[in-house]
Amino acid sequence: MKFDAPATRNLFDDAKIVGKSTPRIDGPLKVSGTAPYAYERHDVANDQAYGWVVGAAIAKGRIAAMDLADALAAPGVLGIVSTLDVEPVAKGIGANVSLFGGDRIDRYHQPIACVVAETLEQARAAAALVRPRYEGGKGAFDFEAAYKDTPQAEEPDTLGDFASAFAAAPVRIDRTYTTPAETHAMMEPHASIAAWDGDKLTLWTSNQMVAWTQESMADILNIDKADVRIDSPYVGGGFGGKLFVSADCVLAAMAARTVGRPVKVALQRPLVANLTTHRQATIQRLRIGAGNDGRITAIAHENWSYNVPGGDGETATMQTKVLYAGANRLIAEYCAELDLPEGNAMRAPGEAPGHLALEVAMDELAEAVGIDPIELRVLNEPERHPTSPEKAFSDRNLVRCLREGAERFGWAARNPVPGARREGQWLIGMGVAAGYRNGPAMKSATRIRLEGDGRIVVETDMTDIGTGSYTIIAQVAAETMGVPIESVTVRLGDSDFPVSCGSGGQFGATSSASSAYAACVALRRAIGKKLGFDADDATFADGTIRAGNRQFSLTDAGELSAEDEIDFGKFKQDYAVGTYAGHFCELAVNIYTGETRVRRMLAVCDAGRILNPLSARSQVIGAMVMSVGMALMEELVVDKRFGFFVNHDLAGYEVPVHADIGTQEVVFLDTLDDVVSPLKAKGVGELGICGPGAAIANAFYNATGIRVRDYPITLDKYLAQLPAVA
Ligand code: MOS
């Protein structure tokens, strides 16, 4: 199905199942512990041996030699895969480092060996006997020191004459904000089981993008893609950290070949932060010039970040291209080359930390011009895309998000004077931020089968990373085929299934569900052909097909299958397709101890049709929790001498949980976006992490009168400035 013009009225506008809160069909499996995650696939291959990963203890240099004799002689050991035995493997899709091989060390905890044994304990014990001899090299690990000389990553995005307009502006904000490196901290670490059958490899793994993994593993092992099967039906969180192949996959495959048995490898938790990818730190300078009336005349956002050679920085300026009007603009990205671990996608890459700067700068501007922060945003709402004015917004309801949020949150009760509201020993503040994240849709394919008993089976290599893919795909198939959702079976994550968009960039829901629709339409036509009616004029409802004055049951068609993909036309390039939110927070700060408590959070989201309000709400709530981490807690601390993240486990890297927050509320506007897909639905998961952190920071300022511009906002940065109390 080619989607090459905006959607018109279709069956989803009268939907009975799509758009209704539907409990996750995989929910019972999850809560009963019977949804098997990669490391728990005990039944898929006999005689699984255990691999233990040895990570390099230096960040830069080479391994001169590695003594494996004691490790090989240890009880239960079946074999060892050593980095000195293989050439550096090809980089997988999306990756900027080779995951294994060679004597060079380019990052801390880079895998240098995988010890395989009969039991996990034996593998772990033997791994301690591996003796590498390092020759340490000099590396660049200090971002703050490097950033000033950082080259521009791309041509800056400019419009008008920023410098003159800024110089002439009656009100000027010029602030620098910093955000730290962060790790995904997903519950399920990266894990894989590998089994060879002759030349054919099967990998049961945990990955967001099955087709990329299949192709990457074929490249890495130098084998035919057709000889690699990937199976990733359940993923215990990814957040971008499982978009690309990780070392467990490579090591399991190599180790299984070496020992001639299936091998399972999970990355030990302390390796995950340094060995896999992370969200890079940023230094962001925001300059906003405005009239005394609050209208922005000049806006500049410069962002410095870093990566390994060939990689991009954390591109934090994207929302600044879209959110506010202003005729004179300068947006620039700088990327330093450092020898820290690879930086790559983490939930809403770019925008998530970008909002922590832009949306606080807007709060600072609101105070400078003496205008309510919501009114300031409304005043600067653009008519067309402000940086690319040739583009019209497909649908944009940011003002409604802010207004409706203000109403529901009780914004009118906010005291604009910072530090003025106190309840006992608590200072109370309220903050607001706008949220923006793009609304992409990608090519995606699905196969659908009608079984003899009328059941519908849907197969696609789409993944469910805790997001609810199983359920929305079942909803769309049930709606389109006119059957109850209980009659639909969804199978995901297998490379033997048609290639989907995968899970990432909040494109998964609308793309994969649209492809399920496309495949269902193809199946309806196949049924019509078999039974002799025109499927496009027929109604499929309640298990019954009505075509003219004839009536059929789905079972009349016997067994049939159809496959189709949704593919998106160029017309979309004329539009700016985005998702928008108004984020609100009420925060309490203890005047004696400085402790922060997030009392209330609200997100009002504009993301087109919401396919399943129940699972979409869970997505947004989870992202809001993560935003609390970004604003108040999370930071990978860099050891600048030795080049590694110090707090590389879940004891040292603090993340918030849902219970840390008083109440969280999510409201979805009833909007439709005709440009995005036949479903008129956009992604919403990442929108939930774009803005709430800034709302928290603004609430903190409103509570205390202290601006902390270096995230996370931790006690050490403000305790001394808290107002003196008697
Ligand atoms: Mo997302 S950071 O594209 O998984």
For the stretch 218-339, what does the relative contact order come out to in percent, with C-alpha contacts under 8 Å and a separation of six or more? 17 percent
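Relative contact order, percent, of the stretch 1-158 when contacts are C-alpha pairs under 8 Å separated by at least 6 residues? Don't skip to the answer; put the middle values down first.
Values: 212 pairs, mean separation 45.0, N = 158.
So the answer I get is 28 percent.
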Given backbone amide H placed at 1.01 Å from N, residues whose amide H is under 5 Å from that of Tyr334, ignoring those fewer than 5 places away on the same chain, are Ala153, Asn303, Trp304, Ser305
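If you take the C-alpha gyration tensor of the chain, multiply each eigenvalue by 5 and take the square root, what semi-axes do you get, largest first, in whole Å? Let's see the in-between values first.
Values: eigenvalues 330, 283, 99 Å².
Three semi-axes, in Å: 41, 38, 22.
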Taking K and R as +1 and D and E as -1, what net charge do the other residues with C-beta under 14 Å from the C-beta of Leu275 add up to? -1
Have a look at the DSSP beta bridges in the chain and tell me what percent are antiparallel, nearest 5. 75 percent
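Give me the net charge for the shell around Lys200: Cβ to Cβ below 14 angstrom, other residues only, Lys and Arg +1, Asp and Glu -1. Could you put the intermediate results ahead of the total?
Numbers: positive: Lys225, Arg229, Arg257; negative: Asp197, Asp199, Asp224, Asp227, Asp231, Asp496.
Summing Lys and Arg as +1 and Asp and Glu as -1 gives -3.
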Name the long-range amide H neighbours of Phe644: under 5 Å, sequence gap of 5 or more, or other chain; modelled H, no Pro or chain starts. Asp639
What does the net charge come to around Gln619 if you take all other residues with beta carbon closer than 13 Å to its beta carbon, with K and R at +1 and D and E at -1? +3
Once phi is turned into θ = phi - 60°, what whole-Hz ³J(HN,Hα) does the Karplus curve with 6.51, -1.76 and 1.60 give for every residue of the stretch 382-397, x standing for Gly and Pro? x, 7, 10, 3, x, 9, 10, x, 6, 9, 8, 6, 5, 6, 8, 10
In terms of modelled amide H atoms, which long-range or inter-chain residues lie less than 5 Å from the amide H of Thr671? Ala607, Gly608
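Beta carbons within 10 angstrom, averaged per residue: use that to sort the peptides 302-313, 680-691, highest first. Don't jump to the answer; show the numbers that get you there.
On the way: 302-313: 21.3, 680-691: 29.8.
Result, highest mean first: 680-691, 302-313.
At 1.4 Å probe size, with every protein chain present, just tell me what the per residue accessible area of the chain comes to in Å². Walk me through the numbers before you get to the answer.
Values: 26430 Å² over 726 residues.
Per-residue accessible area for the chain comes out at 36 Å².
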Two-decimal log10 I(q)/I(0) for the stretch 290-405, as the Debye equation yields it once each C-alpha is a single scatterer, q = 0.15, 0.21 Å⁻¹: -0.74, -1.20
Expressed in angstrom, Rg and Dmax over the Cα atoms of the stretch 568-701 are 18.0, 59
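Show me the ranking of peptides 517-527, 19-29, 533-543, 74-84 by mean Cβ neighbours inside 10 Å, starting with the highest.
Details: 517-527: 23.5, 19-29: 16.5, 533-543: 14.5, 74-84: 20.2.
Taking the mean over residues of other Cβ atoms within 10 Å, the ranking is 517-527, 74-84, 19-29, 533-543.
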Each residue of the stretch 335-351 in order: what ³J(HN,Hα) in whole Hz does its phi give by Karplus 6.51 cos²θ - 1.76 cosθ + 1.60, θ = phi - 60°, with x for Gly and Pro? 9, 8, 9, 10, 9, 7, x, 5, x, 7, 3, 9, 2, 6, x, x, 5
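Once every DSSP H run of n ≥ 4 in the chain is given -39500 (n - 2.57) and the sum is divided by its residues, what mean residue ellipticity at 222 nm do you get, rounded to the nearest 500 deg cm²/dmol?
The helix-only estimate for the chain comes to -7000 deg cm²/dmol at 222 nm.
What percent does the relative contact order of the stretch 456-504 come to when contacts are Cα pairs within less than 8 Å and at least six residues apart?
57 percent
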About its Cα centre, what dipole magnitude does the chain give when the only charges are +1 on Lys and Arg Cβ and -1 on Asp and Glu Cβ, stated in debye to the nearest 20? 940 debye
How would the stretch 124-220 be classified by its alpha-carbon gyration tensor: rounded, prolate or oblate, with rounded meaning a/c under 1.5 and the a/b versus b/c comparison settling the rest? prolate
Give the peptides 257-270, 432-445 in descending order of average Cβ contacts within 10 Å, highest first. 432-445, 257-270
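The values are calculated or read from the model by the stated rules, or taken from the named source; none is laboratory data. The model shown is predicted, which means the values in this text are computed figures rather than measured ones. Virtual Cβ from ideal backbone geometry, glycine too; neighbours counted across all protein chains shown. Just so you know, the surface numbers come from the protein's heavy atoms only, side chains and all, with ligands and any DNA or RNA stripped out. Shrake-Rupley method; radii C 1.70, N 1.55, O 1.52, S 1.80 Å.
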